[in-house]
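The values are calculated or read from the model by the stated rules, or taken from the named source; none is laboratory data. Just so you know, these numbers come straight off a predicted model, no measurement behind them. Reconstructed Cβ throughout: ideal geometry from the backbone, glycine too, with neighbour counts over all protein chains shown. For accessibility, only protein heavy atoms count, side chains too; no ligands or nucleic acids. Shrake-Rupley method; radii C 1.70, N 1.55, O 1.52, S 1.80 Å.
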Amino acid sequence: MNFSPVKRKALAKWIIGIAAVCILIFLGVQNIDAVAKALSWCADIIMPLLIGCVIAAVLNVPMRFFELHIWRKAEKPLLKKLRRPVAFMLALLLIIGIIAGVGLLVIPALADAIEVMVDGITGLTNQLNTMNEADFAGNPFGSVILGIEWDEILASVKNWFQQEWRPIVENIFSVLGTLIGGIVNFFIAFIFAVYILFSKEKLKQQMSRLVRAWIPERFGNWLIHAASTASMTFRNFISGQSIEAVILGTLCMAGMLILQIPYAPMIGALVGVTALIPVVGAFIGTIVGALMILTVDPLKAIEFIIFFIILQQIEGNVIYPKVMGSKIKLPGIWVLAAVIVGGNIGGLAGMFFSVPIVSVLYILIKEATQKREFRQREVC
């Protein structure tokens, strides 16, 4: 088989490229520890930038809404120039207001609930110390409870703290150092996010030029399409999940008020915020809410759990498909799989971001499969 010089050159480049990739993979497997350390080092360096991209992506959803609705028909250059800064400030104030409002509602109630639980445990311990055999007459566990030296247990705990106070203090300082570093990184990330949001069109144009200039046309067009699909999917996911969380939190609060269950506004707000995490988020809020109600009325806590199970069925079968069905085209089984895998990889943040990521992959794979099937039908 005779090849032209151009084809021979292209084939040689392809063979050399494949060989180079195989050698790199072999060397990487042989030195996996060094590769892992290098990747971790690179991740630490660019982490503020990655966090900034995430902040920009989240802020862009309400900011884009305000940009589309503020001074839409304005002709004055000043108003057009101020549209984006005003939209950014409104989006920032909206998110800060939601976080602050939920914190002011939930944290005091949660602190009171914890205080009630601690007082209850302390009172129970004191009561057990003053009981005698007559108080446990007919109780098969009475001898076991009376045999426990509660004072010795408390003394042992106190001695343990006295002996281990130095490592505890060192750990506290370590946590404080990590916290300060996290605050600094968050501040840098926020500044980077502001730059992204205020020059997103220019950045988009620059990235498109780089892709078209340095990447083969076919793959470059696919890459641009994938980025556009990811942007649209993430934006739809954020807006849809936020609407669904508001609906669920409002219904939860309304139902609790009707059933006269305590902490209705606080738990409704908590359930709404935790519902931003797909599938499992609302259950996290439910567990915390049930513990808060348990300190006031155990029967109401059981009633709340039954009520929320019913509400969750309505939300999962009626509300969620209506709200999110047109937002992200991802079947329920893949949503659950994405949440499980994302949670194991990145905790709560992994649960939140795994769904739009898997949704993008699902759309791209579906499109590629349809194109391949179409080509196969044409051949047949």
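When the pairs LYS73/LYS204; LYS81/LYS204; LYS80/LYS200 are compared against a 23 Å limit on Cα-Cα distance, LYS73/LYS204 fall above it.
Net charge of the neighbourhood of LEU223, taken over other residues with C-beta under 11 Å away and scored Lys/Arg +1, Asp/Glu -1, is +1. Per-residue Karplus couplings for segment 205-219, computed as 6.51 cos²θ - 1.76 cosθ + 1.60 with θ equal to phi - 60°, are listed in order as 5, 5, 5, 5, 5, 5, 5, 5, 7, 10, 10, x, 4, 5, 5 Hz, Gly and Pro entered as x. Residue by residue, segment 41-47 carries 3J(HN,Hα) couplings of 5, 5, 5, 5, 5, 8, 4 Hz when phi is fed to the Karplus relation 6.51 cos²θ - 1.76 cosθ + 1.60 (θ = phi - 60°); x denotes Gly or Pro.
Relative to the current alpha-carbon distance between ASP44 and SER228, full extension at 0.36 nm per residue lengthens the span by 63.5 nm. Taking all protein chains as shown and a probe of 1.4 angstrom, LYS202 keeps an accessible surface of around 130 Å². Evaluating 6.51 cos²θ - 1.76 cosθ + 1.60 at θ = phi - 60° for every residue in segment 290-297, the Karplus couplings come out as 5, 5, 5, 5, 4, 6, 9, 8 Hz, glycine and proline recorded as x.
Going by accessible surface with a 1.4 Å probe and the largest first, ARG218, ARG375, ARG84, ARG212 read ARG218, ARG212, ARG375, ARG84. Quick one: how many Å² of ILE25 are accessible to a 1.4 Å probe, rounded to 10? The accessible area comes out at roughly 100 Å².
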